[in-house]
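Only one structure is covered here, and it is reproduced in the block below.
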């Protein structure tokens, strides 16, 4: 009896621990499978409906657009479905499609692209990223229902393999915009099989995911795993080194970190912020801190006194010690922000205007009529409920108190309540953040244009709007960037927002994973990834 | 007995109706909607989405339409997972939560009952104090502390079990223990309390007087009365366990219902909030009814009420 018990115990232990030190990550390398942490469960894998980064990561492995993401430089184009392209005045773009196939064997045609553009712009689909296509002629009008005839929109299939896109104004970096999943093609017959072109609940993505990218969907279990496997029919399949990718939607940062530690992942999407200094301290080779095209800032409601006074806004900005915040609070290698647009866009050199200058801050608050903060009304600093936002808000509250002598109340709100309050303009000072959609400064500068929906500060300066508009008719690349930099300087001299820091991506990656390059947009070309 | 069940089921209808009504209006009262996003949705897009999901209809129409959808089990597409309905989510995730909950219940009973009985039988000895202090710790330690601790020890250090996931049977062990230990502590305390009360009864003295062995007195005579508090606790606890635990499911990456229960509220998904709340309410009602039936079977005094 004792013997039997002993044996069964052994068997049980054996099941859990097969007496080998090989971790799942080791086994996966043998099989050529990449194990990735991927944040949370994507709400959709439909390129025209998805609005999250987590969804985007999976979609780029499955579907390829006209231009593919470049493995090392987000600002460069890489031939995707289009093997060559050309343009007239940056306005009429012609794409020549290669001989590529959908996973069901159908050829990828220019008509598929036109159908896809029509789909995302269909008013009833209600795509939240349809705006990404508004540079196309009449796209906005079609999306808003002003015109109903899609042939008036600037997308035309000249033949099976030639696509012409006409823009409403010159867009020199158009090839960068169309890397976004909102421009991706879908297989028209499959979409029609499971619903109409404009049905938001069309479930083709779960019924039959027909795609054209380097990988195809193999298994999708909500909140558990998304598995993709190599697509042998992909035009460049020879170059794809991985046999598959497993995306794990791990919400808990701690769980993800422990999974990485136990060898269950090759890549962790995030790191718990309190662990970053620990890994930095020990020079952990798995830790990566890379620039990320995003900015953390405070919006000042320019319609509310005394924030309608630029001097007050500058005083608040000058009193923020950004170095202290990134060194003592965020601790993840973030960069103190002297301006709005994050660094990394080549040729774009905006003036650094926001800085820490307590003396100037005091002078300005005195000039504004509040010497030593006397008579300054009690403003509220609003942020969404999160420990890290609270720590920054408390630090800034303290800086304003000690340097300007003003009292600010800090208040947090649940995410949706917060976003709602901010959109409605019912705040004085609110936390904000913005991540670029493509590598060009206007992805940031546009949100502060007078008519922008994201302009929470309710900032309006005709000169700023005018400069941005002008920049688009400028044909010389450097002069265009200079105009944008000039616009940014005008905006920062008005200081409707207080830039605090520029984001970095912090993650951990197994050193055996190669070809994983720093990309400020965090868009991955998985064809370049391989194991040592 | 049949009459009792029918009465209880009849009572359930107004309860569910009340829960539906309260939830429906609370969801509407919450600031922010299903389409509130950091990137502000253009007004015409918002309008289209509101129209598609029927949020533009007059309130009474929305109220009764959604009610009818829940009566007929014909659910509309979800705003947070386009293409899926509440039914898809519940059918997909409830079996997972059910399995995890039942395993956790087994863990809880297997630890809680013997410990509680032993503590009561050896009152005021080390066998009472030690496990009861531990139980107190168990109640105080939240699952989000026990969970990561267990996965650190068994996952990272010993490497016996996976940190997270829901793929093999071994993946059930850590979440079930995390969830079960918390309930085990409660059950141990309730068992001890119930047993102590019963052990002081006259009929136990009679049993001892006629020479029944101590083991038989405790297990056969006292236990039946002693576990009554546990049985009462069992109903709501079981309903809570099998409808999923947000914390444990998040820590261990378990694809259960509990995460949707919370996530639905965070993403203001009206249909999913109502479905999960009603589902949970129905579970509690059924579990409580079963408990009442069991209590009647265990306690003859209740049969005549």
> Taking a point 7 angstrom from the Cα of residue A:452 along the C-beta vector, which residues in segment A:493-529 have backbone N less than 17 Å away?
Replying inline: A:493-503
> How well do other chains shield peptide A:202-215, expressed as the mean number of their Cβ atoms within 10 Å of each residue Cβ?
Replying inline: 1
> Considering every residue in A:43-54, what mean count of other chain Cβ atoms within 10 Å of its Cβ is obtained?
Replying inline: 2
> Rounded, prolate or oblate: which fits segment B:213-305, taking a ≥ b ≥ c as square roots of the Cα gyration tensor eigenvalues, rounded meaning a/c under 1.5, else prolate when a/b beats b/c?
Replying inline: oblate
> Could you put A:423, B:260 in order, starting from the residue whose Cβ has the fewest other Cβ atoms within 10 Å?
Replying inline: A:423, B:260
> When only Cα pairs under 8 Å and 6 or more residues apart are kept, what is the percent relative contact order across chain B?
Replying inline: 25 percent
> Which FRET efficiency, nearest 0.05, do residue A:159 and residue A:192 yield, Cβ-Cβ r, R0 25 Å?
Replying inline: 0.70
> For A:111, A:502, what's the fewest-to-most ordering of other Cβ within 10 Å of each Cβ?
Replying inline: A:111, A:502
> Using helices alone, what [θ] at 222 nm do you get for the protein assembly as shown, with -39,500 (n - 2.57) per DSSP H run of 4 or more residues, divided over all residues and rounded to the nearest 500?
Replying inline: -13500 deg cm²/dmol
>> With just the Cα atoms defining each centre, how far is segment B:106-129 from segment A:471-532? Give it in Å.
In response: 61 Å
>> If you split all Cα-Cα distances of segment A:64-206 into 5 Å bins from zero, what percentages do you get per bin, shortest first?
In response: 2, 10, 19, 24, 21, 15, 7, 1, 0
> Helix B:2-29 versus the longest principal axis of chain B: what angle, 0 to 90°, nearest 10, using Cα atoms?
Replying inline: 50 degrees
> Going by a ≥ b ≥ c, the root eigenvalues of the Cα gyration tensor, does segment A:143-288 fall in the rounded group (a/c under 1.5), the prolate group (a/b larger than b/c) or the oblate group?
Replying inline: prolate
> Relative to a virtual label point 7 Å from the Cα of residue B:295 in the Cα→beta-carbon direction, which members of segment B:198-221 show backbone nitrogen distances below 17 Å?
Replying inline: B:198
> Which of rounded, prolate, oblate describes chain A, given a ≥ b ≥ c as roots of the alpha-carbon gyration tensor eigenvalues and a/c under 1.5 marking rounded, otherwise prolate only if a/b is larger than b/c?
Replying inline: oblate
>> I'd like the mean, over residues of A:223-230, of how many other protein chain beta carbons sit within 10 Å of each residue's own Cβ.
In response: 3
> Which whole-angstrom value gives the distance between the alpha carbon centres of segment A:401-444 and segment B:166-208?
Replying inline: 50 Å
> Using alpha carbon centroids, what distance separates segment A:203-234 and segment A:96-168, in Å?
Replying inline: 23 Å
> Taking Cα atoms, how many degrees apart are the long axis of helix B:59-72 and the longest axis of chain B, rounded to 10 and kept between 0 and 90?
Replying inline: 50 degrees
> Counting other C-beta atoms within 10 Å, which of B:99, A:88 has the fewest, and how do the rest follow?
Replying inline: A:88, B:99
> Which angle from 0 to 90°, rounded to the nearest 10, does the C-alpha axis of helix B:86-121 make with the longest principal axis of chain B?
Replying inline: 20 degrees
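Bear in mind that the values in this text are calculations on the coordinates, not laboratory data. Because the structure is a prediction, the values reported are computed rather than measured. For neighbour counting, all protein chains shown are included, and Cβ atoms are generated from backbone atoms with ideal geometry for every residue, glycine included.
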